[in-house]
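Visitor: Pasting in a structure now, in structure tokens, and then I'll have a few things to ask.
Throughout, read-outs are computed from the coordinates displayed, never taken from laboratory work. Predicted model only: the values in this text are computed from it and were never measured. Methodologically, a virtual Cβ is constructed for each residue, glycine included, from the backbone with ideal geometry; neighbour enumeration extends over all protein chains shown.
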Amino acid sequence: MRLRGDTVHAPDAIPDVPGKAARAKGTGVMNPSIRQRASLLTLATAAAAAVLISACSTTPEPVPVEPVMAQPPSDQAMKSLSAEVFTFGYPLVLMDVTRELMTAKTPINTFSHRRSFFDGAFSDVVPANADTLYSTAWLDLSREPIVLSLPDTSGRFYLMPMLDAWTDVIASPGKRTTGTRRGAFAIVGPDWNGTLPKGVKEIRSPTALVWIVGRTQVNSKQDLPTVHRLQDQYRLVPLSIWQKGGRVAPAPVAPRAGLIDTETTPVEQVDAMDAQAFFSRLAALLPANPPAAADAPMVEKMKRMGLIEGEPFKTTVLEPSTARAVQEGATAALASIVAQVKKAEAGDTGWRVSREGGSYGTNYAERATVAMMGPDVNLPEDAVYPTARADATGRPFDGGSRYVLHFDKSQLPPVKAFWSLSLYNSQQVFVSNPINRYSIGSRDRLRYNRDGSLDIYIQYDRPANAAQQANWLPAPPDAFNLMLRAYWPDQALLDGDWMPPAVQRVN
């Protein structure tokens, strides 16, 4: 199995084979009599050599040793291997299911622009945000690079993070990294070699599958037309067309949903897979999306398990007890990922802050957990997402109670761009509410207290006080959780010197 970073040889390269050069030199057929004399001479020479060696050597001839065949893993070992490989492969399989669902609506290598804020009817990507407009695209780099051209946003905050098939952010063009002037970037696959046109910067992906999850700041509903004009200038053009002067991609072929389930979320679809379906899909994805070099030990475990890249994984050919062990391992791994997602642990405040998003190394459990929560996570330098599932006392959030999130004047979220607070149900999707408000933050006309502090009111019922209504984030009648988005965070947030205050239950 090829790993990301391995040297790729040209297709026409021929590996050295012993005797290849000798066989290639002559094309004539040897005369039978000459062949016979040559054979007799060879036998005589070999016999003489054997007598001489026998006379001069006292070393006994080595006794042939029968090769030891590797024993197949025991059922318990197969269960452990299955659990480890499932956790390792979960992000890749989830990404592919997400791609399949989204490209059933929008063709590959084509932007899908969200023209309005997300609401309770959207579940394709979780957890979505409601304070930027998304511009998303799935790229297939197996044929040729794709050029991303970006307009001048006149200082507006935006970012275009690109995730490889394993959910690592490989690049993030945007205001923080490349500024807001016009630019062009060629996203190239792991095997591509060539020269790019002048003015086009290369972004190399270690996998053929890439997901762009662009976000453009929107300041109000009145600001939407301006953002729409910017979105229309975000373009994806095949390199072959760009090199000929083309700046607009040909009209894409309308996608066909076919038998693809576009109603069930990707997480739920992966949850429903049995071990054979999951591992077969993983194996099919590996050739174009190879593991990283650091994943070599896990690649060996896949081999030991019997998972071969590009080939279906069949539990039906295994012993019944072994097949059960494989299924039990996958089921246990999925349960462990779910448990990690539900785990609410972040000290006394009830907030959990991960600063590892977008780059996970060999921390496969963390990668899988983040993927289930929402694989489209930015680098922490672009955005940090503190999350909370419980109040200051450790009690899980419940729509039957009322809560207040209080920021002192000097303790507002430290960001260079903007911040927002969003609320989700247990499936990490927005919940419809009477005022269609799914996030609240620095873009809104908030009512500050006289001392400059700020209170956010989180509850199911509409507050009676008009001032509180301006700062109201509607909650569902049952369980929910919170996410604070801090875009372009200050160093204090990145270093952990600032944390969100505890959410207080007030009834």
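Visitor: What is the spin-label model distance, in nm, from ARG395 to SER220 if the labels are put 7 Å beyond Cα along the C-beta direction?
Guide: So the two model labels end up 3.9 nm from each other.
Visitor: Read phi for every residue in region 330-341 and hand back ³J(HN,Hα) as whole Hz from Karplus 6.51 cos²θ - 1.76 cosθ + 1.60, θ = phi - 60°, with x for Gly and Pro.
Guide: Once θ is set to phi - 60°, the couplings for region 330-341 become 5, 5, 5, 5, 4, 4, 5, 5, 4, 4, 5, 5 Hz.
Visitor: Between ALA171 and residues 5 or more places away or on another chain, which pairs have amide H atoms under 5 Å apart, with H built 1.01 Å from N, and which residues are they?
Guide: Excluding prolines and chain starts, which carry no amide H, the hits are MET162.
Visitor: Okay, moving on. Once region 351-505 is represented by equal point scatterers at the alpha-carbon sites, with solvent omitted, what log10 I(q)/I(0) does the Debye formula produce at q = 0.13, 0.18 Å⁻¹?
Guide: Each listed q maps to, in turn, -0.61, -1.16.
Visitor: Just subtract the alpha-carbon distance of LYS342 and SER426 from 0.36 nm times their residue separation and send over the number in nm, one decimal.
Guide: Result: 29.4 nm gained on full extension.
Visitor: Compute, for region 105-243, the length of the dipole vector about the Cα centre, with Cβ point charges of +1 (Lys, Arg) and -1 (Asp, Glu) only. Units Debye, rounded to 20.
Guide: 500
Visitor: Put +1 on the Cβ of each Lys and Arg and -1 on the Cβ of each Asp and Glu in region 143-199; which of LEU163, TRP192, VAL147 then has its Cα farthest toward the positive end of the dipole?
Guide: VAL147
Visitor: Test of understanding: ordering HIS113, HIS228 by Cβ neighbours within 10 Å, fewest first, what list do you get?
Guide: With the sparsest Cβ surroundings first, the list reads HIS228, HIS113.
Visitor: Next up: Suppose R0 equals 51 Å; then what is the FRET efficiency for ILE308 and ASP152 from their Cβ-Cβ distance, rounded to the nearest 0.05?
Guide: Between ILE308 and ASP152 the formula returns 0.55.
Visitor: Then there is this: Treating cross-link reach as a plain straight distance, find the lysines whose alpha-carbon is under 19 Å from the alpha-carbon of LYS314, omitting any fewer than eight places away in the same chain.
Guide: Once the sequence-local lysines are set aside, what remains near LYS314 is LYS79, LYS301, LYS303.
Visitor: Whole-Hz ³J(HN,Hα) for each residue in region 74-83, computed from phi via Karplus 6.51 cos²θ - 1.76 cosθ + 1.60 with θ = phi - 60°, x for glycine and proline: what do you get?
Guide: 5, 4, 5, 5, 5, 5, 5, 4, 4, 5
Visitor: How many nm is it between the label spots at ASP261 and ALA104, if each spot is 7 Å from the Cα in line with the beta carbon?
Guide: 0.9
Visitor: Starting from the Cα of LYS244, draw a straight line to each of the lysines and keep only those under 30 Å, dropping any in the same chain fewer than 8 residues away.
Guide: Reachable lysines: LYS105, LYS175, LYS198, LYS201.
Visitor: So, one more: Show the residues, 5+ positions off or on another chain, whose built amide H is closer than 5 Å to the amide H of ASP140.
Guide: Here ASN109 satisfy the definition.
Visitor: At 0.36 nm per residue, and after removing the present C-alpha to C-alpha distance, how many nm does the segment from ASP140 to SER112 gain when stretched out fully?
Guide: Stretched out fully, the ASP140 to SER112 stretch lengthens by 8.6 nm.
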